[in-house]
Structures are given as structure tokens and as C-alpha cells.
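Student: What follows is a single structure, and I will ask about it in a moment.
Throughout, read-outs are computed from the coordinates displayed, never taken from laboratory work. No experiment lies behind these values; they were computed from the predicted model shown. Note: ideal-geometry Cβ built from the backbone for every residue, glycine included; neighbour counts use all protein chains shown.
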Amino acid sequence: MKPMPNLIPRFNLDYTFKDFCYGVKSAFASGEFDLSPLKSIFGEKTFLFTSYGRNSLYVILKALNLPKGSKVGVPLYSCTVVFDAIVKAGHIPCFVEIDDNYTVDPHDLKEKIEDLEVVVVIHTFGRPTDMDKIKKIAGDKPVIEDCAHSLLSEYKGMKTGTLGDASFFSLAKYISVGGGGMVIVNNDGLADRLQKEMDYLKKPSVLNNIKHSFIVYMRSLFYHRPWFGLFALPIGLSIEDKVDLMTKRSFEVASINKNDLSLMLKKIVVFKRKVEIQRKNSFFLINELKDTSLRLPYESKDTYCNYYLFPIRFDSMEERDSVSDYLRNRGVDTSKLYSGTPLKSEQHYGYKRDCPNTENIADTILVVPNHYTLGEREIVKIAEHVKGVVK
Ligand SMILES: Cc1ncc(COP(=O)(O)O)c(C=O)c1O
């Protein structure tokens, strides 16, 4: 790949020098954190924190006290670290289809539910799962919401994360606080057991906190222009084929870094404004692309989508791949998100090829930048280039 200093990155890692300084200062903070910003958004809930979203899922599964080897229903269309967390908790991921909303397909879940002990739903791209249908099918079985993508999305007027027995968020993603996972507990019976699981977690030292902030700041710097297109992506692409970054990752289950938690509590107060900008960008793209053959995201009735990511879908993998190359050559980086998951899951997580719709989606989807940090000229450029190449 030729160096491209103006390349628009596929994801938005918005961790500024100010965030870094705030993080370093917070590493020395003592005493309890004031969780009132969270309570004013999610209500009076139990909030617990780990170092990653995957750790949060792990502790929730442990707290459920299921027999070892229980089957955990989970959408195949996901990051494989979700499956790693299930395996690490001593259980077996059992894969469920997604529908055209990119969330759990209720029909497929209905056919598989008898074998499952618990269901994990994922509000993928920020698009809320139809929770009423899923909870009805699950009956007495616990439902866990994976809200890694869905911070501030709503279903029937309620925030995602407040709808299942417990939920978890990945704070490294949309809100860009560096790292961290947040658990919200909605089932009172589970709160004490989860608190006990939290007591086992290792607490990061002040030095680790500072090191962490520095690494995140460097990563963020390289995720911005000009460094993204000059170094980060070319290097990333050159090692992609040599290093398997997707399979069976082991991870240490630790408590959240203080700097991530305090930055999240600061950023979340004004985060809705950023979500609104990202929604505006997304509606602009939808309007500009509505006359093409692309399948575009839409907002389902009774939902508020945070538009964390903007997926477009093609009729074939060949078309998707050629558009992705075309866009990159014109300064727009994109992501074929989770396209490798079906194969990796077959090789390493026991997937039995029973989710054909998911496999098709993984082969034909492309995530296009819609970040709240993009200027008007950039979002117009993205729309123009996509319109210029698709029918
Ligand atoms: C849908 C989904 N859930 C959970 C996670 C795990 O989040 P974390 O990286 O914070 O462990 C990811 C991460 O990529 C994800 O994409």
C-alpha cells in the first residue's frame, strides 16, 4: 500500500492529549468514584467495572453459577473475544443467526433455545435487539446484553443495558476512554454474586495506569491523520497475514484502570451530543445513498440507534471487496467487520455451519466512516466516492 497521509481511518479513536493528561491525573485519585452521571442515564442500578468488555462478560457468566460446560447462545456475527470469554468461564459458545437488523434472529433462537442455559444478545453497530421477543423466547433463562456497540441506544424508550438480567459495555469503543468494561446488573439476585466475583479481580497499580494512558494516547495518535495512512495501516496490513489476531486470545481478568473510569464519568456527561452528530452524519449518508443498490442501515420502530458504526451491504463479496479497494485508493478506509469470524469459529470454537445468513452478511458487509469527528467536507467526500462506485 502506498503511503496516504490524508486517509480517513475506519474507526474513530478520540483520545486526545487532554484525555491523556486527565487520565494521568486520575491515576492518583483516591476514594470512591461519583457514579451519579451513570445513574442519571441508566437509573438506580448496580454498576461494576472491569478492564475490558470481555472481562465483564466473564464475570457475569461466573456469577450465574452455571454448571461447567453449559451452552451459551451467542450471535455468530461478533468479535471472537466474546467467544473467548465464554470459554474462559468454562462454557461452550453455541451460535445463533442474525437477521437483517444484524441482531439475534428470534426464529433461529427459538429453534435452539432448548439446548441453551443462557442467551447473550449483541446490539451490533448500536442497533437494539428486539428484546421483548428474545426475552419471551428465553423464558426463565438469563439474557445478557452485549452493549459494546450500543452506548446510549434505546429500545422502547429504555437504554440498552437495562433490559436483560445483566449487561456489559466496552469503554474503549464509541466513548474512547482507552479501555475498560462496565457491567450493569438488573437482576437483584445476581448483584451480590457479581460483587463477589469482582473482589477476586486484580487491581492495576498507579504505574500501570500511567503506562496504559500513554499507550492509548500513542495508539490514538497513530489512528489519526497523517500517521494512520502513512504508517499504522500499511504496517497493520503487512502483518495481518503473518499474525493471527483473531483466535483464542487469553486475557487477564482485572479490575478497571482508574484513569479509564474517571475519564468515562467525565465524557459520558456530554456524550449524547456526539452521538447526535454521528446520527446526523449517518442520516446524511443514508439520504445520499438511498438511490443506490446498497442495503443501508435503518432505524427500527421503537428504537433509538446510536449509529456507532455505519454498515452498508452489497450483493456479492467481489463487489464489496472491490468497493473497499476503490474507497481506500481515494482516501477512505473501511472495515469488513467480523468477516473472518465464521471460519475462525468453525476452526476453533465448534461452529457447525448452521448460520448461513450470518455467513452471507459477513461476506458482503462494509463499515464506512461516519464519525462525529469528521468535518462536513469529509462526510460529503465519503458519500460522493461511494455513490461514484456503486450502482
Ligand atoms: C460485539 C463485541 N462485544 C464485546 C467485545 C469485547 O470488548 P473489549 O474489547 O472491551 O473486551 C467486542 C470487542 O471487540 C465486540 O466487538
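Student: Enumerate the amide H contacts of Val96 below 5 Å, restricted to partners 5 or more residues apart or on another chain; note that Pro and chain-start residues carry no placed amide H.
Tutor: Result for Val96 returns Val74, Leu76.
Student: Give the percent of DSSP beta bridges with both residues in the chain that are antiparallel, rounded to the nearest 5. Write out the running numbers ahead of the final one.
Tutor: Numbers: 22 of 38 bridges.
Of the beta bridges lying entirely in the chain, close to 60 percent run antiparallel.
Student: Exactly which trypsin sites (Lys or Arg not before Pro) in region 321-390 are in a DSSP loop and have at most 12 other Cβ atoms within 10 Å? Write down the numbers at each step before the final one.
Tutor: Working: sites: Arg328, Arg330, Lys336, Lys344, Lys352, Arg353, Arg377, Lys381, Lys387; in loops: Arg330, Lys336, Lys352, Arg353.
Here the sparse-neighbourhood loop sites are Lys352, Arg353.
Student: Shifting gears a bit: For region 16-124, go through all pairs of different Cα atoms, get the mean of 1/r, take its inverse, and jot down that Kirkwood value in Å. Walk me through the numbers on the way to the answer.
Tutor: Values: mean 1/r = 0.0609 Å⁻¹.
Computed over region 16-124, the radius equals 16.4 Å.
Student: Going by how many other Cβ atoms sit within 10 Å of their own, how do Thr16, Thr46 line up, fewest first?
Tutor: On the way: Thr16 13, Thr46 17.
If I rank by nearby Cβ atoms, fewest first, I get Thr16, Thr46.
Student: Which residue, chosen from Phe20, Leu48, Leu61, occupies the Cα position most advanced towards the positive end of the dipole of region 17-200, where the dipole is computed from +1 (Lys, Arg) and -1 (Asp, Glu) charges on Cβ about the Cα centre?
Tutor: Phe20
Student: Any chance you could get the radius of gyration and Dmax over the Cα atoms of the chain, in Å?
Tutor: Both quantities, over Cα of the chain: 20.2, 58 Å.
Student: Shifting gears a bit: Compute the semi-axes of the equivalent ellipsoid of region 118-200, taking the square root of 5 times each eigenvalue of the Cα gyration tensor, and list them largest first in whole Å.
Tutor: 20, 19, 9
Student: Please label the shape of region 235-350 as rounded, prolate or oblate, based on the square roots a ≥ b ≥ c of the eigenvalues of the alpha-carbon gyration tensor (a/c under 1.5 means rounded; beyond that, a/b larger than b/c means prolate, else oblate). Intermediate results must be reported in sequence, preceding the final value.
Tutor: Details: a/c = 1.79, a/b = 1.03, b/c = 1.73.
Oblate shape, in that a/c is at least 1.5 and b/c is the bigger or equal ratio.
Student: Using amide H atoms built 1.01 Å from N in the peptide plane, name the residues 5+ places from Ala166, or on other chains, whose amide H lies under 5 Å from its own.
Tutor: Counting only residues 5 or more places away or on other chains, the set is Val143, Glu145, Asn186.
Student: Under a Cβ-Cβ cut-off of 15 Å, what is the net charge of the residues other than Ala232 that fall near it, where Lys and Arg count +1 and Asp and Glu count -1?
Tutor: +3
Student: Where both partners of a DSSP beta bridge lie in region 17-200, what percent of those bridges are antiparallel, to the nearest 5?
Tutor: Working: 13 of 27 bridges.
If we restrict to bridges inside region 17-200, about 50 percent are antiparallel.
Student: For Cα pairs less than 8 Å apart in space and 6+ apart in sequence, what is the mean separation divided by the residue count of the chain, i.e. the relative contact order in percent?
Tutor: On the way: 735 pairs, mean separation 97.5, N = 391.
Answer for the chain is 25 percent.
Student: Would you give the gap between the C-alpha center of region 325-380 and the C-alpha center of region 203-221, rounded to a whole Å?
Tutor: Centre-to-centre distance over Cα atoms comes out at 29 Å.
Student: Please state the equivalent ellipsoid semi-axes for region 282-391: what are the square roots of 5 times the Cα gyration tensor eigenvalues, largest first, in whole Å?
Tutor: Details: eigenvalues 134, 57, 35 Å².
Taking √(5λ) for each Cα gyration eigenvalue gives 26, 17, 13 Å.
Student: Order of Cys147, Cys305, Cys355 from fewest to most other C-beta atoms within 10 Å? If you can, show how the numbers build up before the last one.
Tutor: Values: Cys147 30, Cys305 26, Cys355 22.
By the 10 Å Cβ count, ascending: Cys355, Cys305, Cys147.
Student: Would you kindly derive the ³J(HN,Hα) couplings of region 301-315 from the backbone phi angles with the Karplus curve 6.51 cos²θ - 1.76 cosθ + 1.60 (θ = phi - 60°), listing them in order in whole Hz, with x for Gly and Pro?
Tutor: Listing the rounded values in order: 4, 6, 10, 10, 9, 7, 6, 3, 10, 10, x, 10, 10, 10, 7 Hz.
Student: With a/c under 1.5 counting as rounded, go ahead and sort region 152-283 into rounded, prolate or oblate using the C-alpha gyration tensor (a ≥ b ≥ c being the square roots of the eigenvalues; past the cut-off, prolate if a/b is larger than b/c, else oblate). Kindly include the intermediate steps, with their values, before the conclusion.
Tutor: Values: a/c = 1.77, a/b = 1.27, b/c = 1.39.
The shape class here is oblate.
Student: Pop out the ³J(HN,Hα) list for region 112-121 in order, Karplus 6.51 cos²θ - 1.76 cosθ + 1.60 with θ = phi - 60°, rounded to Hz; leave Gly and Pro as x.
Tutor: So the J values, rounded to whole Hz, are 9, 4, 4, 7, 9, 9, 7, 10, 9, 9.
Student: Return the sequence-ordered ³J(HN,Hα) values of region 87-92 in whole Hz as given by the Karplus equation 6.51 cos²θ - 1.76 cosθ + 1.60 applied to θ = phi - 60°, using x for Gly and Pro.
Tutor: Values per residue, Gly and Pro as x: 5, 4, 7, x, 10, 10 Hz.
Student: Across the chain, where is the longest run that never hits GluC sites (Glu not before Pro) in a DSSP loop with at most 11 other C-beta atoms within 10 Å?
Tutor: Details: sites that count: Glu32, Glu44, Glu252.
With GluC sites (Glu not before Pro) excluded where exposed in loops, the chain gives 45-251 as its longest stretch.
Student: Something else now. Say the dipole of the chain comes from +1 at the beta carbon of Lys and Arg and -1 at that of Asp and Glu; which of Pro93, Ser316, Ile184 then lies farthest toward its positive end?
Tutor: Ile184
Student: What is the ratio of the Cα radius of gyration of region 17-200 to 2.2 N^0.38 Å, where N is its residue count, to two decimals?
Tutor: Dividing the Cα Rg of region 17-200 by 2.2 N^0.38 Å gives 1.01.
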